[in-house]
Amino acid sequence: MPDRLFLDIVDPWINWSWLSTHVPTILAALQEHLTLTLVALVGGLAISLPLGVAAHRWTTLRLPSLTTFGIFYTIPSISLFALLIPYTGLGAVTAEIPLIGYNVLILLRNILVGLDSVPPDVLDAADGMGYRPLARLIRIELPLALPAIFAGLRVATVSTIGIVTITAVIGLGGLGQLILKGLIESFHTPLVVATVLSIALALVADRGLAGVQRLAVPWSRES
Amino acid sequence: MSILAQVIQWFTDPAHWQGTDGIPIRLVEHVQLSAESVALGALIALPIGIGLGHFGVFGNLAIGVSNIGRAVPSFAILVIAFQVFGLGNTPIILALTALAIPPMVTNSYVALREVDPDVKDAARGMGYRRPAQLVRVELPLAVPLIMAGIRTSAVQVVATAALAALIAGGGFGRYIIDGLAQQDYAKEFAGALLVALLALATEVSLWGVEQLLVPRGIRLLRAPAAARARTFKTA
């Protein structure tokens, strides 16, 4: 009997020969995944840090900014991609706008929690030592807010790595592209490889950020 | 014609309001898939989270499993369920249920753990037995966080149900996926609006339920509870 009949639909979960010949494809997908994730995180930080500091300083900004990004955050990514396509086409811009917007909300909330948690005594002491507002912010308040900011960054990272797979629908996707390939061709191997790598990437990034946090904020016991 | 004019035209076309691909049927499909999955997920997740939180055991395990659970991409769960179970609503509901569980376990566990120990001591001192203490003291105090977990899960399930169109599911996602495949931007855009509105409606209506369920006495504590709620986005 032949190993595989013409109509044999039994597909092993891992086809090692496909895997060994497609290492470059997998690495390229992984790299695209990392790039999309990094841009979404850096973009999220670039908007949320100044916005968070401003909303902490001028409390009237707080509710409008949290509400705006809260509504944006509630809208599903597939929906935002589809709404943007007529304007920004298929590509990285369409992928990044929603991803960055989601991260702004997560980070903004945590930056505010972090800045709010700085004890008033500490601020008084800093003022008494002659710190100007900007120096106080950079050298006292933001470092004390770091544990909360790191917590937000970790949530944002794990979340982004998952959502990036959905950008496969608009022709990107990183590892999501392999998941889509597995779906279209009913071929298990790329699906399994991409799922395992995506989970591993999220867990490694989460642990890695926890490690960086321990180094950056040695006084915090929060892991 | 601008895209918005085309979308308005799409919505005002009576053909899009009737039949199996009409908006009413797609709405029912979307809501049904989501509601069944969230209900099933709650039946599994809430007893686990509440039980572990009440007895204060296996907490790290529960949170750890939830954390790994949320690292699994929703898109991958859907496609795996499709490959294992084939066409139909069963794989979609199973996948959505799996997604709904982690936020509800984490939130209900944390909610029960965060009940003030003094309050529990007082309940014991007043002669409450364990079940009465759980039902009449701890659960009412835990409602805001438990509901926040259900809300997070429900919004994510509604979002992921839109992706189920990729594995031949119904719901509003059909318009997005079919519209993209047919390069029919009006259809795709209209579908995206419908999905967005449904997600926002889910968030707002569950927030309303939460307001009704939170005991008056602890409503003042709601704001900090909301800040502590663990939101998470998977789709």
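The values are calculated or read from the model by the stated rules, or taken from the named source; none is laboratory data. Since the structure is predicted, the reported quantities are computational estimates derived from the model, not experimental observations. Cβ placement follows ideal geometry from the backbone for every residue including glycine, while neighbour counts extend to all protein chains displayed. When the accessible area is computed, the model is the full protein with side chains, heavy atoms only, and any ligands, DNA or RNA have been set aside. Shrake-Rupley method; radii C 1.70, N 1.55, O 1.52, S 1.80 Å.
Some values worked out for this structure:
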{"quantity": "Hits in segment B:169-195 (condition: in contact with a Leu (Cβ under 8 Å, 6 or more places away or on another chain) and either without any contact (Cβ under 8 Å) to a residue 12 or more places away in the chain or among the small types (Gly, Ala, Ser) (or both))", "calculated": "B:Gly169, B:Gly170, B:Gly171, B:Gly173, B:Ala192"}
{"quantity": "Filter result for the condition that a residue is away from chain A (no Cβ under 14 Å) and either under 27 Å from B:Gln18 (Cβ atoms) or under 26 Å from the mean Cα position of the chain (by Cα) (or both), over B:Ala165, B:Ala181, B:Ala142", "calculated": "B:Ala142"}
{"quantity": "Top-ranked residue of segment B:60-71 - restricted to ones that are more than 16 Å from the chain's Cα centre (by Cα) and within 14 Å of another protein chain (Cβ to nearest Cβ), ranked as farthest from A:Val164 (Cα to Cα)", "calculated": "B:Asn60"}
{"quantity": "Helices (runs of 4 or more DSSP H) (entirely within segment A:44-119) containing at least 1 residues that are over 27 Å from B:Ser205 (Cα atoms)", "calculated": "A:77-88, A:92-116"}
{"quantity": "Options A:Leu146, A:Leu172, A:Leu99; residue that is more than 11 Å from chain B (Cβ to nearest Cβ) and closer than 20 Å to A:Pro50 by Cβ", "calculated": "A:Leu146"}
{"quantity": "From A:Leu45, A:Leu36, A:Leu83, A:Leu30, residue being closer than 19 Å to A:Ile163 by Cα, within 14 Å of another protein chain (Cβ to nearest Cβ), surrounded by 14 or more Cβ atoms within 10 Å (Cβ to Cβ) and within 14 Å of the chain's Cα centre (by Cα)", "calculated": "A:Leu36"}
{"quantity": "Test: residue in segment B:79-88 that is at pLDDT below 90, over 29 Å from B:Asp184 (Cβ atoms) and either part of a helix (DSSP H, G or I) or within 14 Å of another protein chain (Cβ to nearest Cβ) (or both)", "calculated": "no"}
{"quantity": "Members of segment B:50-96 that are of a type in the set (A, V, I, L, M), touching a residue at least 40 places away in the same chain (Cβ under 8 Å) and open to solvent by 60 Å² or more (accessible area, probe 1.4 Å)", "calculated": "B:Val65, B:Leu87"}
{"quantity": "Qualifying position, being open to solvent by 30 Å² or more (accessible area, probe 1.4 Å), under 30 Å from A:Ser186 (Cβ atoms) and not acidic (Asp, Glu), among B:Tyr185, B:Tyr175", "calculated": "B:Tyr185"}
{"quantity": "Conditions (1) open to solvent by 10 Å² or more (accessible area, probe 1.4 Å); (2) within 14 Å of another protein chain (Cβ to nearest Cβ); (3) more than 30 Å from B:Phe11 (Cα to Cα); number of the one not met by B:Arg151", "calculated": "(3)"}
{"quantity": "Single residue of segment B:197-210 satisfying the filter (over 15 Å from B:Ala35 (Cβ atoms) and touching a Lys or Arg at 6+ places or on another chain (Cβ under 8 Å)) that is farthest from the other protein chains (Cβ to nearest Cβ)", "calculated": "B:Glu210"}
{"quantity": "Among residues of segment B:114-134, those that are buried (at least 17 other Cβ atoms within 10 Å of the Cβ) and in contact (Cβ under 8 Å) with a residue 24 or more places away in the chain, counted", "calculated": "2"}
{"quantity": "Checking A:Ala202 against (1) within 8 Å of chain B (Cβ to nearest Cβ); (2) open to solvent by 20 Å² or more (accessible area, probe 1.4 Å), the condition it does not meet", "calculated": "(2)"}
